[in-house]
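A.B. asks: Got a structure for you, written out below as structure tokens; questions coming shortly.
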Amino acid sequence: MKIQAEISVYPLRVTELSRPVDEFCRRLQSRGLEVHMGPMSSFVTGECKNLFEAVQEAFERLAEKYQVVVTVKFSNACPEVHKDK
């Protein structure tokens, strides 16, 4: 089943926010997921199992290097990417 997630990554105690956010999104893309980055969150589209596993892996790898908060909303009702966000 194809689903979509809205994901926000909040790195803590760092001076450059974009590096951990970019790293998180690159990990998702490396798993074949479609990632559209926005100013406050990213929309990620892909197969359900792959998306859940990729988010877990990306969080674990990021948490090894940074203190981070990640919020995720998953939906099977809106699998199309919202390019205006």
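Every number in this text was worked out from the coordinates using simple rules, so none of it is lab data. Just so you know, these numbers come straight off a predicted model, no measurement behind them. Every residue, glycine as well, gets a Cβ built from its backbone with ideal geometry; the counts of neighbours run over all protein chains shown.
A.B. asks: (1) within 13 Å of S8 (Cβ to Cβ); (2) loosely packed, with under 15 Cβ neighbours inside 10 Å: which one isn't true of V44, the others all being true?
C.D. replies: (2)
A.B. asks: Here's something else I'd like to know. In segment 8-36, how many are among the aliphatic types (A, V, I, L, M), surrounded by 15 or more Cβ atoms within 10 Å (Cβ to Cβ) and out of contact with any Gly (no Cβ under 6 Å at 6 or more places or on another chain)?
C.D. replies: 4
A.B. asks: Here are E16, E64, E6: which of them is more than 14 Å from the chain's Cα centre (by Cα) and either aromatic (F, W, Y) or not in a helix (DSSP H, G or I) (or both)?
C.D. replies: Exactly one of E16, E64, E6 is more than 14 Å from the chain's Cα centre (by Cα) and either aromatic (F, W, Y) or not in a helix (DSSP H, G or I) (or both), namely E16.
A.B. asks: Give segment 43-58 a look and list any residue that's in a helix (DSSP H, G or I) and either of a type in the set (A, V, I, L, M) or free of Cβ contacts under 8 Å to residues at least 24 places away in the same chain (or both), or say none.
C.D. replies: If the condition is that a residue be in a helix (DSSP H, G or I) and either of a type in the set (A, V, I, L, M) or free of Cβ contacts under 8 Å to residues at least 24 places away in the same chain (or both), then K49, N50, L51, F52, E53, A54, V55, Q56, A58 are the ones that fit.
A.B. asks: Could you count how many residues in segment 24-42 are more than 10 Å from the chain's Cα centre (by Cα) and either under 13 Å from V68 (Cα atoms) or in a loop (DSSP other than H, G, I, E, B) (or both)?
C.D. replies: The qualifying residues number 5.
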